[in-house]
Amino acid sequence: MEKHILSKTSYIKGDQCLKQLFLSKKNPKLRDRLPAERLAIFSRGTKVGIYAQELFPGGIDAGPKHYTQYQKSVAYTKELMENGQEVIYEAAFQANKTLILLDVLVKNGEKWDAYEVKSSLALSDTYYKDASLQYSVLLNSGVDINRFSLVHINKDYVREGAIDNNKLFVITDVTDIVSEQQNNVERKITEQIEILELNEVPLVDVGKHCYNPYDCDFIGHCWKGIKTPSVFDIPSIGFDMQLDFYNKHKSLESIIENCNTIDEFQTTEILCQLEKNPHLELSEDTMFDFEEVYNSSLDKYAVKILYFKAALPLYDGLKPYQKIAFAYSIMPIDGKGAANYFIANGDENPHKEIMDKLTDETNNKTLIGYNCYDDDIEIYDLQQVVDNGEYYHPAMKKDYSNKSLSIAMGNRAQWGSIESDIVAAQYYDEILRGHKKSDEKLEKIKKYLMNELELVAQFFDYLSQ
């Protein structure tokens, strides 16, 4: 069997942007480094897919052990079907030079039911496109399909005791929807294969497709011709408006001179980018609140709380993706004292334990954080200064996150360190599941907690001066 040209992943890339498809196949070295946050999401999807297999017990995994063995998996899947295997996981099929790996294939009389598992709480247009492609390859492989269904997580499920698979997942029959898309799928497959036969990169300008439905893998390459700073470095302007300004004005100077629709905050950020200077101008209300905190007779402590949202609820009473705290740290804001931290062992739901310990430890203390708030704990959040447009730094090109503030404060992340709460939560999830590098990941979480406390103290000191 000849090697496939398209896969489900490459097809979705091509549907988003033909240039992305071409580069991923012909010049993958130009691909951006995959952010750790996206890797965490991929890991989540893998775990849910494996767990959903328990809805259809007794299956045999036909998936490849290595990326060079896809055609072997196709042959193995065919062999299993011919030998009477009624449930197949990671069933592989190839038709029209396109390969798919179907999560679950189940015999239903003389026909087959196909199931594709998603780790989300709802179905999106991309999932329907994904399913339409798989349905096409199944039909063209000679598989007599009775029903094609998408399986996703039930947002209303509440765990009580052992997880009930039948209640955790929702199965939606999308056969009629994917059937109607077959002519469109065939056309797109032909178009994408023809693109990959070209010798030159197709001309595609930057646009909404660069981030929809996913961040493109080649943004760094395709956007390198845009002069910086640009309107895409102004986080207070939404992406749709950024594109409109870029097409009409190109430069920030032109926006300032010719556009009368930008507000005060947007103007401030543009000027900061052009002049390479930060902006700090506290309003009277903010100044009053800040001075009240600054002059408080209570000891002032920097605080950081970490949360995670597990797709599969780990404890009774929780829903999928319900936010629960798993760690916190506090430190005197002036740095004249040791930092304390607590990371729950996860034997039981850590949220109440975290909140109780934090409440006891911070009694008669003023807590100060950045992008840190909880309904159960009173915290003065310094991010309000940024959200109100009273502080801005040119390093904040994409957002006002902790990571952006840290860069604005002149900090440099160490190689391999945690740089976001999402990655810290992923590490904690892996620790709970007995990852072989749990000790190393735990130390990185502790280091991240300390870095976040130092960032809060640093920004508080900056504002104080």
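Summary of values
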read-out: Residue 9 - accessible surface, heavy atoms, 1.4 Å probe, Å² rounded to 10; value: 90
read-out: Residues of type lysines that residue 25 reaches as a straight line, Cα spacing below 19 Å, ignoring anything fewer than 8 places off in the same chain; value: 3, 8, 13, 97, 188
read-out: Spin-label model distance (nm) - residue 66 vs residue 191, 7 Å beyond Cα toward Cβ; value: 3.7
read-out: Taking N as its residue count, the alpha carbon Rg of region 66-154 over 2.2 N^0.38 Å; value: 1.06
read-out: Long-range HN-HN contacts of residue 300 with modeled amide H, under 5 Å; value: 333, 366
read-out: Listed candidates (1) 45, 32, 18; (2) 58, 26, 18; (3) 66, 23, 20 - label of the one calculated as semi-axes √(5λ) of the Cα gyration tensor in Å; value: (1)
read-out: Whole-Hz ³J(HN,Hα) from phi, Karplus 6.51 cos²θ - 1.76 cosθ + 1.60, for region 188-194, glycine and proline x; value: 5, 4, 4, 4, 5, 5, 5
read-out: In degrees, nearest ten, helix 70-82 long axis to first principal axis of the chain (Cα); value: 50
read-out: Length added when fully stretched, residue 277-residue 342, from 0.36 nm per residue minus Cα-Cα; value: 19.6 nm
read-out: C-alpha long axis of helix 438-464 to longest principal axis of the chain, angle in °; value: 40
read-out: Residue-wise HN-Hα coupling along region 215-231, computed from phi with Karplus coefficients 6.51, -1.76, 1.60 (Hz; x: Gly, Pro); value: 4, 5, 6, 10, 4, x, 6, 5, 9, 5, x, 7, 5, 10, x, 10, 5
read-out: Region 1-143, relative contact order [Cα under 8 Å, separation at least 6], %; value: 25
read-out: Degrees, to the nearest 10: 284-294 long Cα axis against longest axis of the chain; value: 80
read-out: Value at 222 nm in deg cm²/dmol, rounded to 500, when DSSP H runs of n ≥ 4 in the chain each add -39,500 (n - 2.57); value: -13000 deg cm²/dmol
read-out: Cut-off 11 Å (backbone N to label point 7 Å along Cα→Cβ of residue 241), residues of region 266-303; value: 266-267
read-out: Whole-Hz ³J(HN,Hα) from phi, Karplus 6.51 cos²θ - 1.76 cosθ + 1.60, for region 13-25, glycine and proline x; value: 4, x, 5, 6, 6, 5, 5, 4, 4, 4, 5, 5, 8
read-out: Local electrostatic count, residue 148, Cβ distance below 9 Å [Lys/Arg +1, Asp/Glu -1]; value: -2
read-out: Sequence ranges 92-102, 388-398, ranked by mean other-Cβ count within 10 angstrom, highest first; value: 92-102, 388-398
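The values are calculated or read from the model by the stated rules, or taken from the named source; none is laboratory data. As the structure is a computational prediction, the values presented were derived from the model and not from experiment. Please note: Cβ atoms are built from the backbone with ideal geometry, for glycine as well, and neighbour counts cover all protein chains shown. We work out accessible area using only protein heavy atoms, side chains counted, and drop any ligands, DNA or RNA first. Shrake-Rupley method; radii C 1.70, N 1.55, O 1.52, S 1.80 Å.
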